Amino acid sequence: MEQGLTCKRKPKVAIIGAGPSGCMCGITIKDFCDVSFFEMSKPLKTLLATGGGRCNLAHAEYDFKELAKAYPRGEKFLYSVFSRFSTVDTLSFFEKIGVKTYTQDDGRIFPVSNSAADVREKMLSQLKTTKFIKEKVLGLQKIDDKFYVKTENNKYIFDYVVVAIGTHSGLQFLNMLPHKVTELKPALCGLVTEDNFSTLKGVVLKNIILKHKKIILKGDMLFTDNGVSGPVIFQLSSINSREVYPYSVKIKLIENEEDFENSLKSSGSKNIKNVLSEYLPKSFVKYFLQKLKINPETKCGAFNGNTKVLLLESLCSFEITFICVRNGGETVFSGGVNLDEIDSNLESKLVKNLYFCGEILDVDGFCGGYNLQNCWSTGCLTGIAILKNMS
Ligand SMILES: Cc1cc2nc3c(=O)[nH]c(=O)nc-3n(C[C@H](O)[C@H](O)[C@H](O)COP(=O)(O)OP(=O)(O)OC[C@H]3O[C@@H](n4cnc5c(N)ncnc54)[C@H](O)[C@@H]3O)c2cc1C
């Protein structure tokens, strides 16, 4: 790469946003370009909260097409991206900068240090000689072949601009660009329910099966003060992030209804609350029987005909209605810069030498390290594309 560069002056590159994607891009080009980060907060601050402070930095899926399936928005676009920078490249990048990793049983990959702060420090140590301008970018304009980056008090001139602002801080200056931006909607978040489950706060239902239209999801659900959360709800909120509220889902509360029916038959003299408690948490059983107006002391032998049908149907199709997403709880947003206007090298098809990487793209993935993988892949490929462009 170095030999191909004949420019006397290093090209000036502005990276707007020093989050995971911007920093990955910066690390890729720092030795060949004059890089300035614009970061209104602290560089890589967003990394600190990831994985509950442990930084779930990737997922152990090594087939790039399978990996792309974990992104409700962006799957096709990511084929080309992941075919050039995927999980293996992420792990070897981190190994190179001194971050050893391990894989959990569920496929999530973490640093051996279990510390997002450590990952942040190792990445920032790669950017020691790079300029960080602690200013919020308010405007971006291209006049002839130069970009003008405007902050509150200053205007800066660059040859290339990388927009890596994520989705959490507003997208105001993007409206100066010709790009279509899909409206942001929360994803990977808890949901507020019509029913009040506050007495069940903290209770977990294990391995439920949730159905909505063609969606079938299996996993754990957690009750919160105003609704539900947990892995299965996070996944639903991601797939359905553009669904109109309110909407209802059906939940199968017990894995094996035949097994339950047999228990009911063989436990004629036992109370229904005790038998149900073998399948579900006690506090939920109390709520559930109250909702069905069934006396918890009723003997199992009394369940036949309509009462048995009602009980079994409710266990297999428990309905929950969601009225909105839980405020402020979103991990990522769906929406962002429309992918039709970005080429496979992450360069704008509308403005030459303008690039986008990370979550600002209309790409978002499930929980499990996928969103950071998008940042590492698009960040590095943006950098490589700039290097190719200038050589
Ligand atoms: C609590 C939490 C936990 C998460 N855990 C995980 C996890 O374990 N694994 C995973 O894969 N994903 C996780 N994610 C998602 C992941 O953190 C994001 O997808 C990722 O941070 C996006 O990186 P980015 O570089 O695109 O944008 P960001 O991380 O949002 O960084 C953008 C940067 O740009 C700056 N900026 C924005 N606008 C301007 C402006 N106008 N001028 C100057 N600077 C600006 C911001 O201050 C910010 O520092 C988590 C998210 C959250 C909220």
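Computed from the coordinates by the stated procedures, all read-outs in this text should not be read as laboratory data. Note that this is a predicted model, so its numbers are computed, not measured. We place every Cβ from the backbone using ideal geometry, glycine too, and count neighbours over all the protein chains shown.
Projecting the Cα atoms of T298, N56, N256 onto the charge dipole of the chain (Cβ charges, centred on the Cα centre) puts N56 farthest toward the positive pole.
Annotation for D105 and K206: the two label points, set 7 Å from Cα along the Cα-Cβ direction, are 1.1 nm apart. Close amide H contacts of N207 (hydrogens built in the peptide plane, cut-off under 5 Å, sequence separation of 5 or more or a different chain): G219, D220, M221. Most simply put, the chain has about 75% antiparallel DSSP beta bridges, counting only bridges with both residues inside it. Using a simple spin-label model with pseudo-atoms 7 Å out from Cα toward Cβ, D259 and E75 lie 3.1 nm apart. You can think of it this way: the chain between D118 and N295 has 58.2 nm of extra reach, that is 0.36 nm per residue less the Cα-Cα gap.
Across region 386-391, coupling constants 3J(HN,Hα) worked out from phi with the 6.51/-1.76/1.60 Karplus curve, θ = phi - 60°, read 5, 4, 5, 4, 8, 8 Hz, and Gly and Pro carry x.
Given a 10 angstrom Cα cut-off, can you work out which residue in K214, K12, K201 is the most mobile in a GNM of the chain? Residue with maximal mean-square fluctuation among K214, K12, K201: K214. Which residue, E243, E297, E39, tops the fluctuation ranking in a GNM of the chain built on C-alpha contacts under 10 Å? Maximum fluctuation in the GNM of the chain, among the listed residues, is at E297. Ordering D118, D106, D362 by the number of other Cβ atoms within 10 Å of each residue's own Cβ, fewest first, gives D106, D118, D362.
Among M176, M390, M123, M24, the ranking by other beta carbons within 10 Å of each residue's beta carbon, starting with the fewest, stands as M176, M390, M123, M24. When the chain is described by a simple charge dipole with +1 on each Lys and Arg Cβ and -1 on each Asp and Glu Cβ, the residue from P11, C25, T224 located farthest towards its positive end is P11. Counting neighbouring beta carbons within 10 Å and listing from fewest to most, the residues C189, C55 come out as C189, C55. Near F37, the amide H atoms lying under 5 Å from its own belong to I15, K131, F132, I133; only residues 5 or more places off or on other chains count, and H is placed 1.01 Å from N. In order along region 224-240, phi translates into HN-Hα couplings of 10, 5, 10, x, 9, 8, x, x, 5, 6, 4, 5, 4, 5, 6, 4, 9 Hz, rounded to whole numbers, per the Karplus curve 6.51 cos²θ - 1.76 cosθ + 1.60 with θ = phi - 60° and x for Gly and Pro. Residues whose amide H lies under 5 Å from that of F356, counting only those 5 or more places away or on a different chain, are V163, S348; hydrogens are built 1.01 Å from N in the peptide plane.
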